[in-house]
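Chemist: Dropping a structure here in structure tokens format, bear with me for questions.
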Amino acid sequence: MKNKITNIHLCLCNNCQSILEDTNPQINAPLYNVGTLNPEPLIQIEDMKACPFCKTDAYLSDDVDNVLKGSGVDKIVTNLKRIS
Ligand SMILES: [Zn+2]
């Protein structure tokens, strides 16, 4: 059976070390195949997208690659335009 493929944008909260679904990605942000992992999405607080655990965007980072190393999550696309 084929693994489920789920390609989403990710970001990291440096406060709680959570990998989160980036629901407000930058243009050209890489997509990640997270398979059956199900990262919590960022939540909307007033005019910002924030970590659902810390309730702030102060610690959010796009630098998820180091954290994901060895986790089984593959970075599959480095440029959004390539998937069309
Ligand atoms: Zn957090």
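The values are calculated or read from the model by the stated rules, or taken from the named source; none is laboratory data. Quick caveat, the model's predicted, so the values are computed rather than measured. Glycine gets a Cβ as well: all are built from the backbone with ideal geometry, and neighbour counts include every protein chain shown.
Chemist: Quick one: how many residues across the range 11-35 are part of a strand (DSSP E or B) and of a type in the set (Gly, Ala, Ser)?
Modeler: Within the range 11-35, the first condition is being part of a strand (DSSP E or B), and the residues that meet it are 11-13, 18-21, 31-33.
If we keep only those that are of a type in the set (Gly, Ala, Ser) too, we end up with 18.
Of the residues in that region, 1 qualify.
Chemist: Got at least one residue in the range 12-19 being of a type in the set (Val, Ile, Thr), away from the ligand (no atom under 16 Å from the Cβ) and surrounded by 18 or more Cβ atoms within 10 Å (Cβ to Cβ)? Write out each step before concluding.
Modeler: First, pick out the residues of the range 12-19 that are of a type in the set (Val, Ile, Thr): 19.
In the following step, the residues that additionally are away from the ligand (no atom under 16 Å from the Cβ) were identified as none.
Checked the range 12-19: no residue is of a type in the set (Val, Ile, Thr), away from the ligand (no atom under 16 Å from the Cβ) and surrounded by 18 or more Cβ atoms within 10 Å (Cβ to Cβ).
Chemist: Could you please give the count of residues in the range 20-70 that are of a type in the set (Gly, Ala, Ser), at pLDDT below 85 and either within 12 Å of the ligand (Cβ to nearest atom) or more than 13 Å from the chain's Cα centre (by Cα) (or both)?
Modeler: The qualifying residues number 1.
Chemist: I need the full set of residues from the range 31-60 which are within 11 Å of residue 19 (Cα to Cα) and among the acidic types (Asp, Glu), in order please.
Modeler: 40
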